[in-house]
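Trainee: Below you will find the structure I want to go over with you.
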Amino acid sequence: MDRILVAEKMDYEEFLEEWKNDKSYILALTSGSTGQPKEIRLNKDFVERSAERTNRFFSIGCNSRLHSCVSPDFIGGKMMAVRAEIGKCRLTWENPSNEPLKDQDREDKIDLLSVVPSQMIYILEHLESLPDLGAVIIGGGKIPNELRERIAASGINAYESYGMTETASHIALRKVENQEIPFHTIEGISVECDERMCLKIKFDSGEEFITNDLAEAYSGQEFIIKGRIDNIINSGGKKVSPEEIENKISSLISSPFMIKGETDSKWGERIVLVIEGEKNDFDIEVLHKEIQRLLPRWQVPKEIKIIDKLPRTKNGKLIRFNDVS
């Protein structure tokens, strides 16, 4: 019987045993950011091809060192182990924390590092005491604009990833620069938009995946994600993307936040801004006026709420939710 991932926490030794067993698949858990985490099977041949594509992109070989700061419970961590196995190179790892690389030998270079956005804050603050970094893959959530600018200014060779568990990690990467640039698919993968304007992913080997991510595809290889179709807020007859609003006002709010819709008798749904923090840390009236300067009238939140903690998945990704009191 397959082990139930939802009930257990996996370490890298256990995952490598699973990778080397005689089954044709591995078990993986979706992130849970758009619903309850689901356990799925990924064909090992499909996973291996994904690892090979990434290794070629970053020129990973037998003398390389890969280091993971993310958990092998999720696809980002699993893929770091598979890349090392396929590349016949060295794999090191640590328990996920907000102090990544703290105990790593400064003289031991890391050729490819895997982190989530929140871990980059510590890395940027401690660059002088950390190992030399060849390239960094940042996954598990969108990079806030302020953090994006700090990463770009640091000179770190960092890439933001786009993908999902079902595609065996990322299908596209983009260099972290001051301004958001389109994602570019890695070899053997193309994209297009379906009739809903959601991204469709095609592999040369025949696999296809239809997402709920609203996108603009500029060619078969380049695209920008605009938000999720299932997050759309219908307010006063206008369809509003919460991700679009979040991007526009991100320069005003340094704390974690999200835009959500709430049922409203007048508007159908009203737009609400929810911020993580202490109420005394924010001047709601001033913030509302600043938001009004940046947004058209129909996108301005009807209410701003401050709560102690926004909901997150186990790997730190914010969860879209339907009710905040």
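Bear in mind these aren't lab numbers, they're just calculated from the coordinates by the rules spelled out. Note that the structure is predicted; figures quoted are calculated from it, not measured. Every residue, glycine as well, gets a Cβ built from its backbone with ideal geometry; the counts of neighbours run over all protein chains shown.
Trainee: Magnitude of the Cβ-charge dipole of the chain, K/R +1 and D/E -1, about the Cα centre, nearest 20 debye? Spell out each step's value before the answer.
Mentor: Values: 45 positive and 56 negative charges, 149 e Å.
It works out to roughly 720 debye.
Trainee: Hand me the chymotrypsin sites (Phe, Trp or Tyr not before Pro) from segment 254-319 located in a DSSP loop with no more than 16 other Cβ atoms within 10 Å, in residue order please.
Mentor: Those satisfying the criteria are F282.
Trainee: Further question: Taking 7 Å along the Cα-to-C-beta vector as the label spot, tell me the S250-E285 distance in nanometres, rounded to one decimal.
Mentor: With each label point 7 Å from Cα toward Cβ, the separation is 3.1 nm.
Trainee: Quote to one decimal, in nm, the extra length available between E192 and R106 on full extension: 0.36 nm per residue of separation minus the C-alpha distance between them. List each step's numbers first, then the result.
Mentor: Details: separation 86, 0.36 × 86 = 30.96 nm, distance 4.32 nm.
Between E192 and R106, full extension yields 26.6 nm more.
Trainee: What is the extension gain from L294 to E48, computed as 0.36 nm multiplied by their sequence separation minus the C-alpha to C-alpha distance, in nm to one decimal? Show your work: numbers first, answer last.
Mentor: Details: separation 246, 0.36 × 246 = 88.56 nm, distance 4.55 nm.
Here the segment from L294 to E48 would lengthen by 84.0 nm.
Trainee: Moving on to the next point. If I stretch the segment between K305 and E99 completely, what's the gain in nm (0.36 nm per residue apart, minus their alpha carbon distance), one decimal?
Mentor: Once the chain is fully extended between K305 and E99, it gains 71.2 nm.
Trainee: For segment 17-28, take each phi angle, set θ = phi - 60°, evaluate the Karplus expression 6.51 cos²θ - 1.76 cosθ + 1.60, and give the result in whole Hz per residue in order, putting x for glycine and proline.
Mentor: Ordered by residue, 3J(HN,Hα) equals 4, 5, 5, 8, 6, 8, 6, 8, 9, 10, 8, 9 Hz.
Trainee: Here is a further query. Any chance you could list the semi-axes, whole Å, largest first, of the equivalent ellipsoid that the Cα gyration tensor gives for the chain, using √(5λ)? Intermediate results must be reported in sequence, preceding the final value.
Mentor: Details: eigenvalues 234, 108, 74 Å².
Rounded to whole Å, the semi-axes are 34, 23, 19.
Trainee: Report the residue, chosen from N178, N280, N231, that carries the largest GNM mean-square fluctuation when the chain is represented by alpha-carbon nodes joined by springs under 10 Å.
Mentor: Per the Cα network of the chain with a 10 Å cutoff, N280 tops the list.
Trainee: Amide H neighbours of I171 under 5 Å, counting only residues 5+ apart in sequence or on other chains, H built in-plane at 1.01 Å?
Mentor: Those qualifying (amide H under 5 Å, at least 5 residues apart or on another chain) are Y162, G163, M164.
Trainee: Output needed: percent of Cα pairs per 5 Å distance bin for segment 213-324, bins running from 0 to the one holding the longest distance.
Mentor: In whole percents, the pair-distance histogram is 2, 10, 21, 23, 20, 13, 6, 3, 1, 0.
Trainee: Of P144, L318, W267, which is farthest along the charge dipole of the chain in the positive direction, counting Lys and Arg as +1 and Asp and Glu as -1 at C-beta?
Mentor: In the chain, that residue is W267.
Trainee: What do you get for trypsin sites (Lys or Arg not before Pro) in segment 248-325 restricted to DSSP loop and a cutoff of at most 12 other Cβ within 10 Å of the site's Cβ?
Mentor: Working: sites: K248, K260, K266, R270, K279, K289, R293, R297, K302, K305, K309, R312, K314, K317, R320; in loops: K266, K302, K309, K314, K317, R320.
For trypsin sites (Lys or Arg not before Pro) across segment 248-325 that sit outside H, G, I, E and B with at most 12 neighbouring Cβ atoms in 10 Å, the list reads K266, K309.
Trainee: Trypsin sites (Lys or Arg not before Pro), restricted to segment 22-131: which are DSSP loop and have at most 16 other Cβ atoms within 10 Å? Walk me through the numbers on the way to the answer.
Mentor: Numbers: sites: K23, K38, R41, K44, R49, R53, R56, R65, K78, R83, K88, R90, K102, R106, K109; in loops: K23, K38, K88, K102, R106, K109.
Taking segment 22-131 and a limit of 16 other Cβ atoms within 10 Å, the loop trypsin sites (Lys or Arg not before Pro) found are K23, K38, K88, K102, R106, K109.
Trainee: Just grab the label-to-label distance for K239 and K9, each label 7 Å out from Cα along the Cβ direction, in nm (one decimal).
Mentor: 4.2 nm
Trainee: Please state the relative contact order of the chain as a whole percent: Cα pairs under 8 Å, 6+ residues apart?
Mentor: Values: 628 pairs, mean separation 36.9, N = 325.
Relative contact order for the chain comes out at 11 percent.
Trainee: Still on this structure, please answer the following. Through the Karplus equation 6.51 cos²θ - 1.76 cosθ + 1.60, θ set to phi - 60°, convert the phi angles of segment 50-64 into ³J(HN,Hα) values in whole Hz; use x for Gly and Pro.
Mentor: 4, 4, 4, 4, 5, 4, 5, 4, 9, 6, 7, x, 5, 9, 7
Trainee: GNM, the chain, Cα, under 10 Å: largest mean-square fluctuation among V115, V191, V286?
Mentor: Comparing V115, V191, V286 in the GNM, the peak value goes to V286.
Trainee: Restricting attention to the alpha-carbon atoms of segment 158-224, what are Rg (one decimal) and Dmax (integer), both in Å?
Mentor: Gyration radius and largest Cα-Cα distance of segment 158-224: 11.3, 36 Å.
Trainee: What is segment 253-319 by shape, rounded, prolate or oblate, if you read a ≥ b ≥ c off the alpha carbon gyration tensor as root eigenvalues and call it rounded for a/c under 1.5, prolate for a/b larger than b/c, and oblate otherwise?
Mentor: Working: a/c = 1.96, a/b = 1.26, b/c = 1.55.
It comes out oblate by the Cα gyration axes.
Trainee: If you only keep lysine pairs separated by 8 or more in sequence, or across chains, how many in segment 160-275 come under 28 Å at the Cα atoms?
Mentor: 23
Trainee: Ok, one more. Which values of log₁₀ I(q)/I(0), to two decimal places, follow from the Debye formula for segment 1-155 at q = 0.12 Å⁻¹ with a uniform point scatterer at every Cα?
Mentor: Log10 I(q)/I(0), no solvent term: -0.53.
Trainee: Moving to a separate point now. When ranked by the protection proxy of mean other Cβ atoms within 10 Å per residue, highest first, what sequence do the peptides 123-131, 160-168 form?
Mentor: Details: 123-131: 14.0, 160-168: 21.2.
Final packing ranking: 160-168, 123-131.
Trainee: Would you report the distance distribution of C-alpha pairs in segment 55-135 as whole percents per 10 angstrom bin, up to the bin with the largest distance?
Mentor: So the P(r) values, bin by bin, are 19, 54, 26, 1.
Trainee: Students often forget the sequence filter, so: which lysines lie under 22 Å Cα-Cα from K20 once same-chain residues fewer than 8 apart are removed?
Mentor: K9, K44, K78, K88
Trainee: Sticking with this structure for a sec: What is the mean projected area of the alpha carbon convex hull for segment 104-220, to one decimal in square nanometres?
Mentor: On the way: hull surface 32.2 nm².
If I average the Cα hull's projected area over directions, I get 8.1 nm².
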